[in-house]
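S.K.: After the structure tokens below, expect a handful of questions from me.
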Amino acid sequence: MPGVTVKDVNQQEFVRALAAFLKKSGKLKVPEWVDTVKLAKHKELAPYDENWFYTRAASTARHLYLRGGAGVGSMTKIYGGRQRNGVMPSHFSRGSKSVARRVLQALEGLKMVEKDQDWGRKLTPQGQRDLDRIAGQVAAAKKKH
């Protein structure tokens, strides 16, 4: 659909569609350690979904579409969560820097993301075009039902 952007569609449906697109394209370089890694120090287990890397890459690309200039440190804040400390109070804990860095590097390999001259990374025009195209497909599928 013309004129549809990422902001116009449901974020969960969009992330699922973009993750499926990234997996289907086969160009996203997935590290070999994805089946054994935890996503943060406050997590107890690795993710159950074996395609979590594609979902995280899609979510990161969507976040960079909405707010460019985000780097590894800000991605760890976005994907952080609650650290449970037993009987002591819970506190915020950041996500894994290695995972955030590898996701951004994989998106750079697809030419969807580039380093910003000021700080962090931003979407390339090609990446923005791809995300808008997938948002149009999601909107068309939603309109059809």
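Readers should treat all values here as calculations from the given coordinates under stated rules, not as data from a laboratory. What you see is a predicted model; the values in this text were computed from it and never measured. Here the Cβ is made from the backbone with ideal geometry for all residues, glycine too, and neighbour counts use every protein chain on show.
S.K.: Output the number of residues of the range 97-129 satisfying the condition of being out of contact with any strand residue (DSSP E or B) (no Cβ under 9 Å at 6 or more places or on another chain), closer than 19 Å to R16 by Cα and not aliphatic (A, V, I, L, M).
M.R.: Here the count works out to 2.
S.K.: Is it true that some residue in the range 87-96 is in contact with an Asp or Glu (Cβ under 9 Å, 6 or more places away or on another chain) and either more than 20 Å from K24 (Cβ to Cβ) or assigned to a helix (DSSP H, G or I) (or both)? Please lay out each step first, then the result.
M.R.: Of the residues in the range 87-96, the ones in contact with an Asp or Glu (Cβ under 9 Å, 6 or more places away or on another chain) are none.
No; the residues of the range 87-96 include none that is in contact with an Asp or Glu (Cβ under 9 Å, 6 or more places away or on another chain) and either more than 20 Å from K24 (Cβ to Cβ) or assigned to a helix (DSSP H, G or I) (or both).
S.K.: From the set of residues in the range 1-34 that are among the acidic types (D, E) and surrounded by 11 or more Cβ atoms within 10 Å (Cβ to Cβ), which is nearest to T60 (Cα to Cα)?
M.R.: From the range 1-34, those among the acidic types (D, E) are 8, 13, 32; that's our starting set.
Of the ones still in play, those that are also surrounded by 11 or more Cβ atoms within 10 Å (Cβ to Cβ) are 8, 13.
Values: D8: 18, E13: 15 Å.
Ranking the candidates gives E13 first.
S.K.: Say we look at the range 48-86 and pick out the residues that are under 17 Å from L110 (Cβ atoms) and of a type in the set (V, I, T); which of these is nearest to the chain's Cα centre (by Cα)?
M.R.: T60
S.K.: If I ask for residues that are exposed (fewer than 15 other Cβ atoms within 10 Å of the Cβ), in contact (Cβ under 8 Å) with a residue 12 or more places away in the chain and out of contact with any Ser or Thr (no Cβ under 9 Å at 6 or more places or on another chain), which ones from the range 60-97 would you list?
M.R.: Result: L66, G69, G73, K77, F92.
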